[in-house]
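These notes concern the structure reproduced below.
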Amino acid sequence: MNVKSFSKKQAGFTLIELVVVIVILGILAVTAIPRFTGMAQQARVAAVNGMLGAVQSASAIAHAQALVTNTVNGTVTMEGGSVAIANSYPTATGIDSALSARDGFTFAAGVFTLTGATTPASCIVTYTAPAAGNAPTIAATTGGC
């Protein structure tokens, strides 16, 4: 019995196989890219909300320190640094000293701006020092993240 084996050598991929793979990769890219851009925006919003919590906590700790030391106006010491106090709360410039870290944010006069935001002026945390007898106003704006 004589059995002939038909062996076919294939040297590479055919043009149709390459086109099909490229089309499949294109479809995957079109569906994945919008999800990644949405995740980047969500990450920036989360960073701003995290800074909001950090500023609120720093303000509360500085206020507690001011109450303990009976400081209405002046400075209190937190972790070896001086924090300017007015009406028993940090001032608009003193709040930056009360924070231990603000990575990824720039600070100017009570406004923490996320670096790398789409619209930096709309991706911020603002701290407004209080008038006598009131608490400070701390707010986040995430419209431009």
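The values are calculated or read from the model by the stated rules, or taken from the named source; none is laboratory data. None of the values given here were measured: they were computed from a predicted structure. Note that each Cβ is placed from the backbone with ideal geometry, even for glycine, and that neighbours are counted across all protein chains shown.
The table below gives the values:
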{"item": "Meets criteria (hydrophobic (A, V, I, L, M, F, W, C) and either surrounded by 16 or more Cβ atoms within 10 Å (Cβ to Cβ) or more than 14 Å from ARG44 (Cα to Cα) (or both)) for ALA135", "result": "yes"}
{"item": "Filter pass, GLY144 being part of a loop (DSSP other than H, G, I, E, B) and over 22 Å from SER88 (Cβ atoms)", "result": "yes"}
{"item": "Test: residue in the range 43-57 that is of a type in the set (Lys, Arg), modelled with pLDDT under 90 and touching a strand residue (DSSP E or B) at 6+ places or on another chain (Cβ under 7 Å)", "result": "no"}
{"item": "Which listed residue is surrounded by fewer than 10 Cβ atoms within 10 Å (Cβ to Cβ), of a type outside the set (Gly, Ala, Ser), modelled with pLDDT of 85 or more and part of a helix (DSSP H, G or I), from ILE16, ILE61", "result": "ILE16"}
{"item": "Positions within the range 111-141 being within 17 Å of the chain's Cα centre (by Cα) and not in a strand (DSSP E or B), in sequence order", "result": "THR115, GLY116, ALA117, THR118, THR119, PRO120, ALA121, SER122, CYS123"}
{"item": "Qualifying residue in the range 69-81 (condition: in a loop (DSSP other than H, G, I, E, B), within 29 Å of the chain's Cα centre (by Cα) and touching a residue at least 12 places away in the same chain (Cβ under 8 Å))", "result": "yes"}
